[in-house]
1. In this structure, is Glu86 over 24 Å from Pro242 (Cα atoms) and not hydroxyl-bearing (Ser, Thr, Tyr)?
2. Checking the conditions here, which among Ala295, Ala270, Ala248 is open to solvent by 10 Å² or more (accessible area, probe 1.4 Å), closer than 30 Å to Ser378 by Cβ and small (Gly, Ala, Ser)?
3. Any chance the range 180-201 includes a residue that's within 26 Å of Gln273 (Cα to Cα), touching a helix residue (DSSP H, G or I) at 6+ places or on another chain (Cβ under 6 Å) and surrounded by fewer than 22 Cβ atoms within 10 Å (Cβ to Cβ)?
4. Does the range 113-139 hold any residues that are assigned to a helix (DSSP H, G or I) and under 12 Å from Val188 (Cβ atoms), and which are they?
5. Need a quick list: helices (runs of 4 or more DSSP H) entirely within the range 157-226 having at least 2 residues that are of a type in the set (D, E, K, R).
6. Quick check on my filter: what residues within the range 12-31 are among the basic types (Lys, Arg) and either under 12 Å from Met83 (Cβ atoms) or open to solvent by less than 50 Å² (accessible area, probe 1.4 Å) (or both)?
7. Can you name the condition, by its number, that Asp230 falls short on among (1) touching a residue at least 40 places away in the same chain (Cβ under 8 Å); (2) open to solvent by less than 30 Å² (accessible area, probe 1.4 Å); (3) under 30 Å from Leu294 (Cα atoms); (4) not aromatic (Phe, Trp, Tyr)?
8. Cβ-Cβ under 6 Å, sequence separation 6+ or interchain: first residue in the range 288-314 and without any contact (Cβ under 8 Å) to a residue 12 or more places away in the chain, partner crowded, with 24+ Cβ neighbours inside 10 Å. Which pairs?
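The values are calculated or read from the model by the stated rules, or taken from the named source; none is laboratory data. Since we're looking at a predicted model, the values are computed, not measured. Heads up, the Cβs are rebuilt from the backbone with ideal geometry, glycines too, and the neighbour counts pull from every protein chain shown. Just the protein is used for accessible areas: all its heavy atoms, side chains included, with ligands, DNA and RNA removed. Shrake-Rupley method; radii C 1.70, N 1.55, O 1.52, S 1.80 Å.
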Amino acid sequence: MGELKMAKGQRVRILDEELVRRREENRKYLLELQSENLLLPYTLEAGLYKSSELPEGIHGGWESPTCELRGHFLGHWLSAAAMHYEAAGDRMLKAKADEIVDMLEQCQKENGGKWAASIPEKYLHWIGSGKRIWAPQYTIHKTFMGLLDMYELAGNDKALEIAERFGEWFYEWSGRYTEEQFQGILDVETGGMLEIWALLYRFTGKEMFRELMERYYRQALFDGLLEGRDVLSNMHANTTIPEILGAAAAYEVTGEEKWLKIVKAYWKMAVTQRGVYATGGQTCGEIWSPRMQLASRLGDKNQEHCTVYNMMRLADFLFRQTKDAVYMDYWERNLYNGIMAQGYWKGSFTHGRKSAYPTEGLLTYFLPLRAGGQKAWSSRTQDFFCCHGSLVQANAAHNKGMYYEGEDSLYVCQYFDASYDGRILDTGVSLRQKVNTLNGSEHLASDSPGRQKITDVTSKQLFHPDRLVFDLNIETEEEKEFSLYIRLPWWLQGEPVILVNGEAVDVLTAKSTKDGFVEIRRVWKQDRVHVELPKGIYVDYLPGREDMAAYMDGPVTLAGLCSEERSLYVDRQKPEEALVNDNEREWGYWQNTYKTTGQDRGIRFMPLWQIGYEEYQVYFPLRQK
């Protein structure tokens with residue numbers, strides 16, 4: 001029935017308590033950053049900042065006026081603001097973003113009418129002459145993308161006009177070089193410039209942007225992928241991922257098969273053939289590891305946040321093309337163990353306990369996976385690594401990836417409290433997804449004001465649940481036949497249970513499990529779908545080491561709290577039995593915490609995304625008992 005569309009914007013509302021908290025923390029962070037400081041690299045470049053004094057609270061790190069990447073973050077900020085507006089109609093952020101766009105227009109005028117960047121034009125001429133300079137096109141891409149997101153998601157026409165004029169500068173500049181010379185320029189990190197040209201071609205229809213797409217065809221990478229050569233091992237990962245996202249955008253705007261083949265070849269080489277850590281990442285020190293040899297790269301710089309975010313974007317594109325659940329499995333794994341594990345951490349201590357560490361963490365650029373690893377949390381205004389940008393974008397729209405729309409179908413891809421209100425076959429469809437925590441209590445803390453209603457849930461569910469349970473309540477404007485697809489996750493441990501209005505669905509029929517989804521096709525009006533997905537401890541072996549593994553609770557990677565490498569002595573036929581529940585419930589919450597059993601010294605395990613400043617170990621050497 002054709003390509004799927006991601007349901008997003010105000011059609012999807014996130015209700016999950018943790019995701020809502022992260023979205024609101026993100027919003028507060030965007031608002032607290034002063035526009036004057038966000039714009040400083042641009043106003044300095046345009047000669048509009050006239051004071052001899054630096055502004056109060058000036059940004060440092062990669063946003064410092066002395067850094068060659070200065071100004072990259074503002075583009076991310078604009079994209080995040082636009083995403084917040086699209087998702088929830090946030091007028092305060094939109095007003096601030098609109099004022100920033102107005103100032104960028106003024107900067108562009110002062111720069112001669114076309115140049116709109118935070119860095120000087122000579123940086124581009126320098127890379128053309130072979131002079132070393134730190135990724136000017138990467139930096140400029142962020143400005144372009146922020147402008148185009150403000151146009152597409154927040155309806156700011158001026159942002160498109162600025163980007164279009166800025167694109168003319170690149171058309172003239174790139175046209176000065178021979179094809180061979182420009183291929184050399186493309187070896188200096190370009191970020192997602194190819195995606196920019198594809199979007200500008202889609203928005204304007206101007207042929208110069210179609211020509212720019214062809215100029216930015218990076219032969220060494222794209223042709224190498226099509227020929228099946230390993231062009232990724234030991235190469236910088238987040239140089240190529242945005243280029244492939246550009247190829248995806250080029251396919252969507254032109255329909256040319258070469259672009260789609262490039263994207264599929266990249267995924268095959270980067271993920272399928274390379275393997276992944278239990279967390280979903282594949283890199284160390286921003287570099288792709290050798291294929292199926294991730295064991296040699298456990299360090300303190302694994303899984304750069306930017307690569308997580310960008311690979312999730314790529315997974316979205318491929319899911320829309322193929323409808324294969326493997327891409328939504330990948331999304332889920334990286335959401336829990338990447339996006340949630342590396343940003344907006346919030347901890348707490350029991351009553352009266354003090355700690356030398358803060359109870360919050362903004363961003364960890366990398367996710368250490370070596371034994372005794374410890375997350376390093378960045379400051380709010382004095383770092384501005386590249387991942388500050390992907391942090392604010394990733395947490396601006398948690399409604400993405402939840403639901404997808406087909407011509408006569410709706411796909412439920414993630415399992416969180418969330419709602420969908422859209423149209424299928426020109427009929428209004430409302431879906432309310434509610435996870436049943438099976439706790440039977442509203443007593444959520446020592447000072448909880450919740451009711452203490454007696455229910456039979458507490459006596460029936462005595463111990464930590466061994467399944468994920470949720471309900472889908474569906475209402476349509478009129479009776480309408482369409483297909484509801486529910487993802488069967490990779491971590492299933494047993495046969496799922498699905499009931500429609502109390503009647504069981506046969507999930508084992510051949511048609512039902514196509515591409516990792518259960519299909520329920522019926523005439524819908526006012527119905528309830530009840531889903532139970534059995535889960536438990538899963539042992540995920542490290543590519544390159546058959547005797548080393550991580551432990552997972554469904555899609556969630558667990559971390560053992562220890563400061564040095566520890567081995568686990570297990571029954572190699574049943575290694576999952578080395579972990580048992582520990583402190584499994586506090587008040588009305590089931591705790592996903594575990595401990596080892598049968599070891600000389602015990603180790604406590606908790607979800608990696610809940611780790612703050614503790615030292616931890618993800619992969620354990622497994623020894624036979």
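1. no
2. Step by step, each of Ala295, Ala270, Ala248 is checked, and only Ala295 is open to solvent by 10 Å² or more (accessible area, probe 1.4 Å), closer than 30 Å to Ser378 by Cβ and small (Gly, Ala, Ser).
3. yes
4. Within the range 113-139, Tyr123, Leu124, Trp126, Ile127, Gly128, Pro136, Gln137, Tyr138, Thr139 meet the criteria.
5. Result: 157-174, 179-185, 193-204, 207-215.
6. Arg22, Arg23, Arg27
7. (2)
8. none
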